Amino acid sequence: MKVKSRVQLRKNVKNKMLKDLESTFGEEMIELEKKTLEKVTLDEFSLILMDSKPLLFEVEGHLFPTVRGALEMELQKRLVVVDKGAIQFVSNGADIMAPGILEADPEIKEGDLVIIVEETHRKALAIGKALMEGQQMVDADSGKAIKSITHVGDKLWNFEF
């Protein structure tokens with residue numbers, strides 16, 4: 001991935017972005033006000049660096065934590081918990097099938113971005129786009145529930161500045 005531009009965010013842009021993130025994830029985003037935020041435009045994504053770490057990225061016009069960001073910020077909303085059998089597939093970039101889902105935030109709507117975590121330690125494995133509502137994911141016996149966007153070990157995970 002090639003860096004096209006890298007700029008520090010102005011205060012008004014930063015405040016608007018943080019307000020949007022707070023509405024999705026709650027009070028946990030307040031601590032980001034103290035951080036230096038930079039926007040990096042790449043070939044495929046726009047990233048938001050916090051203290052030079054790629055913790056947020058832009059997907060379809062919405063900011064959302066990267067897998068690394070979800071791990072660092074320990075977020076509790078928009079989570080989908082997968083069973084141990086799904087970990088290997090999710091970590092390799094596979095879409096998430098409904099039978100592997102143990103729990104899902106009931107507030108998840110179809111089309112929302114979600115954080116996929118494993119059941120034992122609740123560590124983030126991937127970021128994806130919900131193809132059904134949260135409760136449907138848990139109740140469904142078959143079908144694809146989440147389209148994977150980025151995962152542990154992919155080029156976004158390994159990207160360094």
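The residue that is nearest to GLY26 (Cα to Cα), among those in region 72-125 that are among the basic types (Lys, Arg) and touching a strand residue (DSSP E or B) at 6+ places or on another chain (Cβ under 8 Å), is ARG78. Can you tell me which residue among GLU28, GLU33, GLU103 is modelled with pLDDT of 90 or more and in contact with a helix residue (DSSP H, G or I) (Cβ under 7 Å, 6 or more places away or on another chain)? None of the others qualify; the one that does is GLU103. Among the numbered conditions (1) part of a helix (DSSP H, G or I); (2) within 28 Å of GLU119 (Cβ to Cβ), the only one that ASP20 does not meet is (2). Can you tell me which condition THR41 does not meet? The list is (1) loosely packed, with under 12 Cβ neighbours inside 10 Å; (2) over 15 Å from the mean Cα position of the chain (by Cα), and all the others hold. All conditions pass for THR41, except number (1). All conditions in (1) at pLDDT below 95; (2) surrounded by fewer than 16 Cβ atoms within 10 Å (Cβ to Cβ) hold for LYS109, with the sole exception of (1). Within region 129-149, the residues that satisfy the criterion of being loosely packed, with under 13 Cβ neighbours inside 10 Å and more than 15 Å from ASP95 (Cα to Cα) are ASP139, ASP141. When region 131-161 is limited to residues that are hydroxyl-bearing (Ser, Thr, Tyr) and closer than 21 Å to PRO54 by Cβ, the one that is modelled with the lowest pLDDT turns out to be THR150.
Per the conditions (1) under 27 Å from GLN8 (Cα atoms); (2) in the same structural domain as SER148 (by TED's automatic domain parsing); (3) of a type in the set (Phe, Trp, Tyr), the sole criterion not satisfied by PHE57 is (2).
Among the residues making up region 96-118, those that are within 16 Å of the chain's Cα centre (by Cα) and not in a strand (DSSP E or B) are ASP105, GLU107, ILE108, LYS109, GLU110, GLY111, ASP112.
The values are calculated or read from the model by the stated rules, or taken from the named source; none is laboratory data. A quick note: this is a predicted structure, and the numbers were derived from the prediction, not measured. Because the Cβ atoms are built from the backbone with ideal geometry, glycine has one as well, and the counts that use them run over all protein chains shown.
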